[in-house]
Amino acid sequence: MSESQKTIEIEVLRYHPEKDKEPHKQVFEVPFTDDMSVLQGVQYIKDYLDGSLSFRWSCRMAICGSCGMMINGEPSLSCQTFLRDFYPARVRVEALSHFPIERDLVVNIEGFIEKLESIQPYIIPKEPRTLAQGEYLQTPEQLNAYEQFSSCINCLLCYAACPQFGLNPSFIGPAATALLHRYNVDSRDGGKAERMELVNSEEGVFNCTAVGYCSEVCPKQVDPANAVNQNKTNSAADYFLRFLTPKGGAK
Amino acid sequence: MKPTLKRSNAPIFWALFGAGGMLSALLGPMLVFITGLAVPLGWLLPPDTMSYPRMLAFAQNFIGKGFIFAIIALFLWHAAHRIFHSLHDIGIHAGTAAKLLCYGSAMVGTLLAAYALLVIGF
């Protein structure tokens, strides 16, 4: 380390369930260069200062969605947030809000995985199709209807941003609703009626109060708030028109 | 989660909230200007614009009645929903009591408006 090496303080929320009663902060002095991300900062801590620090990461380039953390209170991917934007002030790094902490910066995402399964995030064909019938064809317009919502990487920043999910964890939430919408508006899909049961339910879209912070923090520009609010309209239409149409998604 | 899905009755309140929001956004500022500034201060409008006989005639007219009812009732439902969810936002876990109080007062206001508009005659 040269004399002129700059350092930055990184404050990390630590929690080891086997010995800590509650989470507490710990400050590390980390040498940094202008091109270092917050993820590289915590990796430095693990490699050189405290090997017991736990966090999730994989791709380092905002594709895998593993390294979401609260950075100075904002849900962010630590791989695309840079230390230089905070220097010379201290950076605060904490586990994602609204999720139970498993250890240090690692949160328990089981609840989300269950939600993800419940929306049936795959194409449910309208009718059985043989190989001889060939591939599905879609117009650019049909692709456009869902493409944006298919960019979700399940990083959960939107859940950490959503005050309603924070108050009511059974709310299906932004990312799961965006993915649900992605399949519902796909021209190849026939599962809308089944998924609408979830949209219409007490766990569904009406938990949202249109705060919109979910879309602001989304690193992939998915705009989950848009998906949620489009489905409020869909759900209200379904609620009032279900008696007029022979088959609605309703029970 | 899946087996116990219960349909939410939120669309009823959401629709009333939406209708009231649309109406208040479009007409609210104009009504505040007319009833709160222009008429009392004598701006732009003749001084007897909101005189008793004129307003009575307005309220006795079928369309005027409908307008007054929609403004009062839908504004109230909009406000009730917004207040109810703001309680939720600031962490007051809005249970049945808060729900009854918010939507109940909108319902009472709606019924009172309907009653007053009916007894005033046609």
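The values are calculated or read from the model by the stated rules, or taken from the named source; none is laboratory data. Please read these numbers as outputs of a predicted model, since none were measured by experiment. All Cβ positions, glycine included, derive from the backbone under ideal geometry; neighbour counts span all protein chains shown. Side chains included, ligands, DNA and RNA excluded: accessible areas come from the protein's heavy atoms. Shrake-Rupley method; radii C 1.70, N 1.55, O 1.52, S 1.80 Å.
By accessible area of protein heavy atoms, probe 1.4 Å, what ranking do A:Asp189, A:Asp47 get, highest first? Write out the running numbers ahead of the final one.
Values: A:Asp189 10, A:Asp47 110 Å².
Ranking A:Asp189, A:Asp47 by accessible area, largest first, yields A:Asp47, A:Asp189.
Put the Cα centre of segment A:215-240 next to the Cα centre of segment B:14-41 and the gap is 28 Å.
Here chain B is assigned +1 on the Cβ of each Lys and Arg and -1 on the Cβ of each Asp and Glu. Its dipole about the Cα centre then comes out at about 480 debye.
Starting with the highest mean, order A:83-96, B:103-116 by the number of other Cβ atoms within 10 Å, averaged over the residues of each peptide. The partial results should precede the final answer.
Values: A:83-96: 17.6, B:103-116: 15.1.
The packing order, highest mean first, is A:83-96, B:103-116.
Using a Gaussian network model of chain A in which every pair of alpha carbons under 10 angstrom is joined by a spring, one finds that among A:Ala178, A:Ala160, A:Ala210 the greatest mean-square fluctuation is at A:Ala210. Per-residue shielding of A:190-202, expressed as the average number of other chain Cβ atoms within 10 Å of the residue Cβ, stands at 2.
Based on the Cβ-Cβ distance from A:Ala62 to B:Met50, what FRET efficiency comes out when R0 is 41 Å, to the nearest 0.05? Spell out each step's value before the answer.
On the way: r = 60 Å, r/R0 = 1.47.
The value I calculate is 0.10.
The calculated FRET efficiency for the pair A:Ser170 and A:Phe240, based on their C-beta separation and a Förster distance of 22 Å, comes to about 0.35. Taking the Cα centre of segment A:110-241 as origin and assigning +1 to Lys and Arg Cβ atoms and -1 to Asp and Glu Cβ atoms, the resulting dipole is close to 140 debye. Model label sites at A:Thr130 and A:Lys6, defined 7 Å from Cα along the beta-carbon direction, differ in position by 6.7 nm.
Axis of helix B:62-89 versus longest Cα principal axis of chain B: the two differ by about 40°, to the nearest ten degrees.
Based on the mean of other Cβ atoms within 10 Å per residue, sort peptides A:134-146, A:24-36, A:213-225, B:4-16 so the most packed one is first.
Values: A:134-146: 11.5, A:24-36: 13.8, A:213-225: 20.2, B:4-16: 16.5.
Order by mean packing, descending: A:213-225, B:4-16, A:24-36, A:134-146.
Can you give the helix-only mean residue ellipticity at 222 nm for chain A, where every DSSP H stretch with n ≥ 4 adds -39500 (n - 2.57) and the sum goes over all residues, rounded to the nearest 500 deg cm²/dmol?
On the way: 9 runs with 77 residues, N = 251.
So the calculated ellipticity at 222 nm is -8500 deg cm²/dmol.
Mind giving me the FRET efficiency for A:Asp47 and B:Leu23? R0 is 45 Å, r the Cβ-Cβ distance, nearest 0.05 is fine. Intermediate values should be presented prior to the final figure.
Details: r = 61 Å, r/R0 = 1.36.
Step by step, r from the Cβ atoms, then E = 0.15.
At a Cβ-Cβ separation cutoff of 4.7 angstrom, cysteine residues of the protein assembly as shown with no neighbouring cysteine are A:Cys67, A:Cys79, A:Cys152, A:Cys155, A:Cys162, A:Cys208, A:Cys218, B:Cys102. To the nearest 10, the accessible area of A:Trp57 is 110 Å² with a 1.4 Å probe.
The label-point distance for B:Ala70 and B:Ser86, in a model that sets each label 7 Å from Cα toward Cβ, rounds to 2.6 nm.
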